[in-house]
Structures are given as structure tokens and as C-alpha cells.
Amino acid sequence: MDFSTRPHTIAADNVATDMRDLAARVRNLMDLQQGRVLQLPLGGRFFDIVVTASCPEAYAVMDLLDQVQHTGHGQPDACGPVIEDPTRQWLIWLVPPGTSEVWAPHRYGLCLGRPHHLALPPMAQSEAPGPYWLRPCRGDRLVPPVPLRNFLDQFRPGPAPHEELLAETLCTIT
């Protein structure tokens, strides 16, 4: 989608009450397209996340998920969207919404959904400095949680971040 900027804007206070959620989402999408950081709530209709350590074992998991999700269209990065935060040494895997409700505690991956928020890097950010898209975000897929969990058990990337620490920093990943 291509959102163009109009010469005038409507203040958030002037948006009809029943349209505020939609207006906020449109503004967020415009921010993301224009290369600014977008903060989204986890859960709902978007996605939950699984956070793991960023290490060779986690990259092996990603490579296997590329094979599991391979579509045959020549896209080697088919596993689903993954953000790397090199400062914190985390991989953030975007999984289907609701995953956090069924994800049992796991030694190598922490799953979060509502009420947390995640600051997404700009869509074009594909390398450091700062968090970047290690695997791009496409509209046709998220990371499948069952194979992800199985591969985490097999490869053991660790240590997984602690939930309280993670929850405090998610909104500030920029």
C-alpha cells in the first residue's frame, strides 16, 4: 500500500469516537511505510512474539523453518518474520495471535501476547545498527509456532530473556 501525506492533518481529538482505533492504525501504517518506528499491541489480530537468544543455534532454527515454510517461489527467507536486536542479542519471531495463550513455559523461548506492545523497526531496516528485519515481514505468513518450539527443543538457543525484563523493553526497541 502506498499512503500519501496530505497537506492537512486531523487532530486525534477530532476523530469520531468509533473511528479512533482505525485512525490510529492508519497513522501507524503510514509511520511504518515512511521509515519510522511503529509500535503495535501484541495479540489481537496482528501477532504474538517468541523471543530467543540470537546465536548460531537460533540461526539453525531459522534455516530449518525456511525449509518448512518454503513455497517453491525461490524465496530463501520463507520462515516468517524475524527481528534481530543485536544490542540485546535477541531474535524476535512473529507468531500467530493467540500463541501466547497456549505456549507452555519453555526454556529456550519466551512467548508474549497481550497486554504487551512491540516497537517494530522500519520495514526497510535490514541491517544493524539497531533492531532490523532478519527475515522480512510479508503479508502471507507468520512463523509457525509448533515447528519453532520443536526446533528450539532440538537446538537449544539460550539463554532466553526473562519475562519481566523483556516486557519492560519491548516498547523501546528502536
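Values as computed for the structure displayed
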{"read-out": "Positions within segment 78-102 being of a type in the set (Asp, Glu) and either assigned to a loop (DSSP other than H, G, I, E, B) or open to solvent by less than 10 Å² (accessible area, probe 1.4 Å) (or both), in sequence order", "value": "ASP85"}
{"read-out": "Residues being open to solvent by less than 50 Å² (accessible area, probe 1.4 Å) and over 19 Å from ALA160 (Cα atoms) - total across segment 103-131", "value": "5"}
{"read-out": "Residues located in segment 124-162, provided they are more than 15 Å from ILE92 (Cβ to Cβ), among the hydrophobic types (A, V, I, L, M, F, W, C) and part of a loop (DSSP other than H, G, I, E, B)", "value": "ALA124"}
{"read-out": "Cβ-Cβ under 7 Å pairs, at least 6 apart or on other chains, segment 44-69 side over 14 Å from ARG156 (Cβ atoms), far side hydroxyl-bearing (Ser, Thr, Tyr)", "value": "ASP48/THR99; ASP48/SER100"}
{"read-out": "Complete set of residues in segment 135-159 that are open to solvent by less than 80 Å² (accessible area, probe 1.4 Å) and either on the phi > 0 side of the Ramachandran plot or of a type in the set (Val, Ile, Thr) (or both)", "value": "VAL143"}
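For every residue, the table says whether it meets (1) within 16 Å of PRO144 (Cβ to Cβ); (2) modelled with pLDDT under 90.
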site: ASP85; (1), (2): no, no
site: GLN89; (1), (2): no, no
site: VAL95; (1), (2): yes, no
site: ARG107; (1), (2): no, yes
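The values are calculated or read from the model by the stated rules, or taken from the named source; none is laboratory data. Small disclaimer: the values here were computed from a predicted structure and weren't measured. Using ideal geometry, Cβ is built from the backbone for each residue, glycine included, and neighbour counts are taken over all protein chains shown. To get the accessible areas, we keep the full protein, side chains included, count just its heavy atoms, and leave off ligands, DNA and RNA. Shrake-Rupley method; radii C 1.70, N 1.55, O 1.52, S 1.80 Å.
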